[in-house]
Amino acid sequence: MKRTQEIIQFTKEPYIEDVGPRKIKSIQFSLFSEVEILKLGEVEVYRGVYYDSTKKPIPNGLLDPRMGPPNKNGGCETCHGNFRECPGHYGYLVLTLPVYNVGYLGTVVDLLKCICKCCSSILLDDKERRVFLKKMRNPRTEPLMKSELQKKVVKKCTSMTSGQKSVTCSKCGYMNGMVKKGQLKIIHERGNRFLDEFNAAISHKIDLKTSVSVPPEIDPKAVYSLFKNMSDEDCELLYLSDRPEKLLVTSIPVPPIAIRPSVFVDGGTQSNENDITERLKRIIQENARLLEDISDTSFQNKSLNAWVGLQMEVAQYINSDVRGVPLHLQASKPMSGFTQRLKGKQGRFRGNLSGKRVEYTGRTVISPDPNLKITEVAIPILMARILTYPERVSQHNIEKLRQCVRNGPNKYPGAKFIKHPDGTEISLMFSSRKRHADELKFGYIVDRHLEDGDIVLFNRQPSLHRMSIMSHRARIMPWRTLRFNESVCNPYNADFDGDEMNMHVPQTEEARTEALMLMGVQNNLCTPKSGEILVASTQDFLTSSFLITRKDTFYDRASFSLICSYMGDGMDPIDLPTPALIKPVELWTGKQLFGVLLRPYSKMRVYVNLTVTEKSYSGKGETMCPSDGFVYFRNSELISGQLGKATLGNGNKDGLYSVLLRDYKSHAAATCMNRLAKLSARWIGNHGFSIGIDDVTPGENLVKQKQEEIYQNYKKCEDRIQQFNEGKLAVQPGCDAAQTLEAEVTMALNKVRDDIGKICMKALHWRNSPLIMSQCGSKGSPINISQMIACVGQQSVGGRRAPDGFIDRSLPHFPTKSKFPAAKGFVAHSFFDGLSATEFFFHTMGGREGLVDTAVKTADTGYMSRRLMKALEDLAVYYDNTVRNASASIIQFMYGDDGMDPSQMEEKKGRPLNFSRLFMKVKATCPPRGEKGLSYSEICEIVNERLSYHDMSPEGGCSEAFRASLSDFLIKNLAETLKRLREALLLGEEQYAGGDREYLENVALNISGITKKQLQVFLNMCISRYHLKRLESGTAIGAIGAQSIGEPGTQMTLKTFHFAGVASMNVTLGVPRIKEIINAAKKINTPIITAKLLSAANLTAARMIKARIEKTLLGQVAKSVKIVMASRLASIAITLDMETIQVSQLCIDAYTVKQSILQTPKIKLKEQQVKVLNPRKLEVFPQANKDKLHFELHRLKNKLPAVVVKGITTVQRAVVNKEQERDRKSDAKGETYELLVEGTGLLAVMGIDGVDGRNTKSNHIMEVQQRLGIEAARISIIDEINYTMSSHGMTIDLRHMMLLADLMTYKGEVLGITRHGVQKMKDSVLMLASFEKTTDHLFSASVNGRDDKIEGVSECIIMGIPMQIGTGMFKLRQCVQQVELNYQSEPMLS
Amino acid sequence: MVETLFEDIFTVTQKDPDGKKFDRVNRIEARSEQFDMYMLLDVNTEIYPMRVKEKFMMVLASTLNLDGTPDTGYFIQGNKKSLADKFEYIMHGKLYRISEEGSGKHVKADIFVSFGGLLMQLRGDPSIAAKFELDQKLFLLLRKV
């Protein structure tokens, strides 16, 4: 007996790629013709009324029930479906006369520009026409190129009729003038020639009294007939996919009632009509008026008015924001048109199609709970009773589900519905639950309440990166807040000052699995931005770890055991370590507690090895650091160091959790975090940690020192001000006196705050709570402490001292022009002392700037992130390791040149492995055990052999860079160190077999030797780990990259300007700079060219080149520019100051000056007017009438000094920059010079003698592209983003920037991430429509007959199709062999 | 008699060479008489006060058992007779690092031991370092003389 194969039933049908024959493959955009509209319509709508007196819809009115059911009670008269079934039907409305469609008005004008306004043939001559047509018909031409081509045709035709010119049609001889777009009308100016001819012709008519003017307007009716006459070939040439007459509106499809519902208010007495309905009503009225006017033959002029009215109404129906609607035609209240429905954030595209509202969600206030695991979230019972999960009844859960069914929807844990396999659904609200529970069968689905262990998605807005939404496991708890472990605050950027968070419950097993695997907290401990750890201990956890691991914390047996039991709720087995102090009393240290925390019992095989330098590290002695700042874990024992943020906190790559994560996978790191959270929360609860007024009360000594410090610096400032007032202040290079004063005073005042801060930190007792917090990095900085205790410091507004809000002073409490510290916003008091009135005012000024900046920044960065996301959303890694976009064009051949996953990078600079740490680990975890150490040559041999295996070759998937770095590390660093050590110990190259030196061998091995086993383990570990770090195919690396660049933008502080080392050389930084780079701005704020010099060590040469680059004006090198009045002629004599020229080595003489004068525009001098008398003197003769001569002379005299005689005009100034040569051993002096040139003109700077053109860079990306090409531009984009980010202290993996740069340059020109650039990068209409300029893209797509293949991310979301990225990329299905099950009763005997 | 790894008499030369940082723990600097060793040692001075110029005997051993059986790693309380009876202050810890200083004739070896965070640095002739191994569990025993 064989049973028919049962189809496996899932709790909810999983998505199956191929659902029958229907799948939206592409969307074709086209134009509607009149015929199609009439065919589509079920009813002609010509009555502009809604209801009759009995509140019944009027037939042929706007709410005719043939267009769909008007409300829930009514039915459809066309299909007889009810409100839920009927999708609605169209009606139609025929217009008396054609009108323009506002969306197509631009296209219509363009067409008219190109055709003859009489015979509709194209204005181009035949040859040109054929060339363009050939190009247009080329099947390889992309839509983007086609529209470029069309623009070219239009431009060509427009140029023929520009100005007052007119062109005669080659076919019919009609005179065509310029076509212009008026306000919802088209103007045809036929030019002067036509008017002359016209007037000439008219003048023959004698009886004409008034002059007749030709109406310059072309009416839509004329346009319609012109378009109708156009040949299909011409249409093709102009990139029209369809007949052009369809661009005009002759009839309107009336949309179904379903999309413009009529709502009854006041209990059915009145109805509220949708804006669209009201617009249609006005169109109908206007249309009727027009018809009346036309049929009335008495006078024709009036018809025009109604026609204009109709045009206006139809235009507003499509786009209510259309310009040029006269006031009297506008509706009294603003009514939206179709464009308004689609566009904007709340519009259809962004509001409903790209982002949809969902069920099974919850939102409430969050609060912390250190007793939860990091992967858990506590959900209030109230919420768990509403949210459900459909669980299929099986053998294993039937009893549980029966109980749930019995409990019903209101008692937890209960259930809401039962679904039978045949599809019937039973609500448990009212029906007899007991019976249903008893009748529960396998295969039924029960919508049960949420229970412990269910998977939920947890999210906090703004969702800036993928860690903003992660999957947790539910824990159902009493009370009303969502709770989670504080360690997870960081990825969400959450605090508990009233934040709310959202929660979603995935409804299928498939979704749950994917959520757990891809979005689980445990699998997202690291940020892909840089590979740093993000989920880590914070705040109190750091404080208590810091206090526990202090060198002088000792615990006796009882308290040590108690604390040990804190970390695992007393449920874990724990091996008590041997006490550090055995006699006179048994005492354990706090550091031993951390050994227990990492490795509670000896069977747990976690061996952590790491070294970290904490904030307090004194910089010498490593582990012996007197302030215990060097953290050293060896085989899970804390050897030394007081733990703080660097070890336990987020944002580092070699902290404790990072090491655990890399070496022992995420579970080890997560459990360790859990243990620490529990331990520290309980420990600090017993220990107590609070802050009081005595913590911020300064001691007597501190007050004295502070006053002394302030007095000293005030005096210094006063001295400077005195010098400035007397004009004796020594000026800094590149600054004027005022700037110098400001810089020096600011420096002195900043020094005050820093110095006082230092004194303050020293003076505080180590038990001072703020001090502890700042030392361990849990909260606050030394500056914060010194502001509370000692001195608030200088307040700044816009990077300067407080500005003058009154005339010549900041506040009226001070004398005018006062520059003293107190008058310019220096706050000498501390928050403890309290601020004086003026100080307080200055403080608010600074505070406000911060607030304003945050508000402005959020909007700015949000928009930037959105643009980045839209541009990069569809980039993914494919199975051939290339990065491609949705239309499969290659952006990168290998992601980041090595195909590594940025989130897995262990080294600080983004390299895959931190060799020295791994080496340390290998040495600690595999002790030599009597094995002999290797010699230098042996090491080389083993390494080279291993490196020649297949998995270390490029074919085996290993990048050249990694191979080189590995062999470098082993041979250059390791083996060489060993060699040096052996020399130091007076050992030879090779080993001694025995003798008295054997003990030294042992010492050498212990110090830095390596055995064969260790080396092999190390090599294999490095290589296998490297291969595991490859980026998985399908990864949406574009989206990750966009988030990685967008998210740090939100954190960039208000410091937008920054000194680049040289006096007063500012560089734009922060969000504005990132914006410039990403936008590929043509004009940037601070263009700077860094010019390397051929003779870099020579200062005089550098000065000389600087003089050549900087523009020199004639006025600067002229001794005199004088007007010479002779009796016969007047002239201007210029004498050059040869000494100055010699000193600055400019190579100028009168001849070059003459050339410069002649080349200067606007001065308008001719060759013969400038006369060189001798190399240092020249004369200029003005040419003018006698009466104007005097003025001309003075004009020249004023203009001539501004003539540029040497240098580059686009350069503002150049500065010689001294840079310390780092490690070039050959250069003994160690000082080199380079030039920083403010301004553009890269080509000119590179061309100057003495400049090393090959190493000269510019920060202006567009200029780099123009001068050096696209590859240079790409590098420049990477460098500039990297520089900007790193100067804000943010580390971002280089691979993200490379991807962005590649995307911006892969088309061969630098495309900005703006609407113009994105338009050129993407083909999809829907994607562009959901980005910006929604309707423009839709209109042009329909004119051009675009075909949108649904392949990108945006399009797939809009159409509701799973996208071809990540898990959706894989299209292969395995054919699993059917297992034949033999169902029969078991044999009685066997 | 149990064999010890190192035995010598030291004199405290300095207390807290880098300034006092902790309440209960002081770092002492000491020099030995016999092997001319230099030592830095963190001592819990709250329970075992030490003063400058004081002399003390220091022993490093890998086990406290008098018969020399290796330490089990498990700490058992009891009144068994052991090496500990003769000393006043005993710490238990782990040798974590051996390094060298200088070169040629003047080469010195450093031994670093951490007693649950209380550190010891012992500097002297390399021949002394040869007896020690990395990750060795050590007992430090002190007695004033």
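Derivation of every value follows stated rules applied to the coordinates shown; laboratory data play no part. Worth saying up front: this structure is predicted, and the values here are computed from it rather than measured. When we count neighbours, we look across all protein chains shown, and the Cβ atoms used for this are built from the backbone with ideal geometry, even at glycine.
Points to keep in mind about this one:
- Spacing of the two label points (7 Å from each Cα toward its C-beta) at A:SER159 and A:GLN1116, in nm: 4.1 nm
- Set of lysines near A:LYS817 by C-alpha distance (under 28 Å), chain-local residues within fewer than 8 positions excluded: A:LYS706, A:LYS715, A:LYS716, A:LYS728, A:LYS751, A:LYS1055
- Pairwise label distance in nanometres, A:ALA1202 with B:ILE9, each label 7 Å out on the Cα-Cβ vector: 9.5 nm
- Computing FRET efficiency as 1/(1 + (r/R0)^6) for B:LYS80 and A:MET920, where r is the C-beta to C-beta distance and R0 is 35 Å, gives about 0.40.
- Segment A:ILE24..A:LYS615, full-extension length gain: 206.9 nm, with 0.36 nm per residue of separation and the alpha-carbon distance subtracted.
- Measuring r between the beta carbons of A:ILE58 and A:LYS1333 and using R0 = 56 Å, the FRET efficiency lands at 0.90.
- Rounded FRET efficiency, nearest 0.05, which uses the C-beta distance separating A:HIS687 from B:ASP16 and R0 of 25 Å: 0.45
- Near A:THR1256, the amide H atoms lying under 5 Å from its own belong to A:LYS1092; only residues 5 or more places off or on other chains count, and H is placed 1.01 Å from N.
- Here the 3J(HN,Hα) profile of segment A:866-876, calculated from phi with Karplus coefficients 6.51, -1.76 and 1.60 at θ = phi - 60°, is 4, 5, 4, 4, 4, 6, 9, 4, 9, 7, 8 Hz, Gly and Pro shown as x.
- A viscosity of 1.306 mPa s and a temperature of 10 °C, combined with the Kirkwood radius over C-alpha pairs in the Stokes-Einstein formula, give the protein assembly as shown a diffusion coefficient of 39 µm²/s.
- Across the options A:GLN739, A:LEU401, A:HIS829, the greatest Cα extent toward the positive end of the charge dipole of chain A (unit charges at beta carbon of Lys, Arg, Asp, Glu) belongs to A:GLN739.
- Ordering of A:632-643, A:1321-1332 by packing is A:632-643, A:1321-1332, highest average first (other Cβ atoms within 10 Å, averaged per residue).
- Inter-part distance where segment A:423-486 and segment A:323-401 are each reduced to a Cα centre, Å: 16 Å
- Inter-part distance where segment A:99-174 and segment A:846-861 are each reduced to a Cα centre, Å: 50 Å
- A cut-off of 5 Å between modelled amide H atoms, ignoring neighbours fewer than 5 places along the same chain, links A:GLY520 with A:SER471.
- Karplus (6.51, -1.76, 1.60) ³J(HN,Hα), θ = phi - 60°, over segment A:659-664, in Hz, Gly and Pro reported as x: 5, 4, 5, 6, 8, 10
- Hits among lysines - C-alpha to C-alpha of A:LYS165 under 21 Å, sequence gap 8 or more where chains match: A:LYS113, A:LYS117, A:LYS151, A:LYS152, A:LYS155, A:LYS156, A:LYS180, A:LYS181
- For the pair segment A:1116-1150 / segment A:579-622, the C-alpha centres are spaced 81 Å from each other.
- In this structure, the amide hydrogen of A:ASP454, modeled 1.01 Å from its nitrogen in the peptide plane, lies closer than 5 angstrom to those of A:ALA474, counting only residues at least 5 positions away or on a different chain.
- Peptide-level mean, for A:52-58, of C-beta atoms on other protein chains within 10 Å: 0
- Listed peptides B:90-98, A:527-535 appear in the order A:527-535, B:90-98 once ranked by packing, highest mean of other Cβ atoms within 10 Å at the front.
- Packing-based exposure ordering (other Cβ within 10 Å, fewest first) of A:THR339, A:THR553, A:THR269, A:THR361: A:THR269, A:THR361, A:THR553, A:THR339
- Full extension of the chain between A:ASP438 and A:LYS1162 yields a length gain of 250.7 nm, computed as 0.36 nm times the residue separation minus the alpha carbon distance.
- Look at the dipole of the protein assembly as shown built from charges on Cβ: of A:LEU237, A:GLY899, A:ASN485, the Cα furthest out on the positive end belongs to A:LEU237.
- Cα→Cβ-extended label distance, 7 Å offset, between A:ILE1275 and B:TYR38, nm: 5.0 nm
- Considering only the protein assembly as shown, percent of DSSP beta bridges that pair antiparallel, nearest 5: 95 percent
- Cβ crowding within 10 Å averaged over residues, with A:597-604, A:898-905, A:398-405 ranked highest first: A:898-905, A:398-405, A:597-604
- Among A:GLU197, A:GLU1167, A:GLU245, sorting on how many other beta-carbon atoms sit within 10 Å of each Cβ, with the fewest leading, yields A:GLU1167, A:GLU197, A:GLU245.
- Cα gyration tensor category, rounded, prolate or oblate, for chain B with a/c compared to 1.5: oblate
- Residues in segment A:378-393 carry Karplus couplings, in order, of 8, 10, x, 4, 3, 6, 5, 6, 9, 7, 10, 10, x, 10, 7, 6 Hz; the curve used is 6.51 cos²θ - 1.76 cosθ + 1.60 with θ = phi - 60°, and Gly or Pro positions show x.
- Of the trypsin sites (Lys or Arg not before Pro) found in segment A:43-110, those that fall in a DSSP loop while having at most 11 other beta-carbon atoms within 10 Å are A:LYS72, A:ARG84.
- For A:THR269 and A:ARG1213, the difference between the fully extended length at 0.36 nm per residue and the C-alpha to C-alpha distance is 332.2 nm.
- Peptide A:582-591 has a mean of 6 when you count, residue by residue, the C-beta atoms of other protein chains within 10 Å of its C-beta.
- Sorting A:TRP766, A:TRP683 by the number of Cβ atoms found within 10 Å of their own Cβ, with the fewest placed first, yields A:TRP766, A:TRP683.
- For chain B, with +1 on Lys and Arg beta carbons and -1 on Asp and Glu, the positive-most of B:THR45, B:VAL107, B:ILE9 along the dipole: B:THR45
- Loop sites in segment A:680-771: GluC sites (Glu not before Pro), DSSP, at most 13 other Cβ within 10 Å: none
- For peptide B:88-94, the mean count of partner chain Cβ atoms within 10 Å of a residue's Cβ comes to 6.
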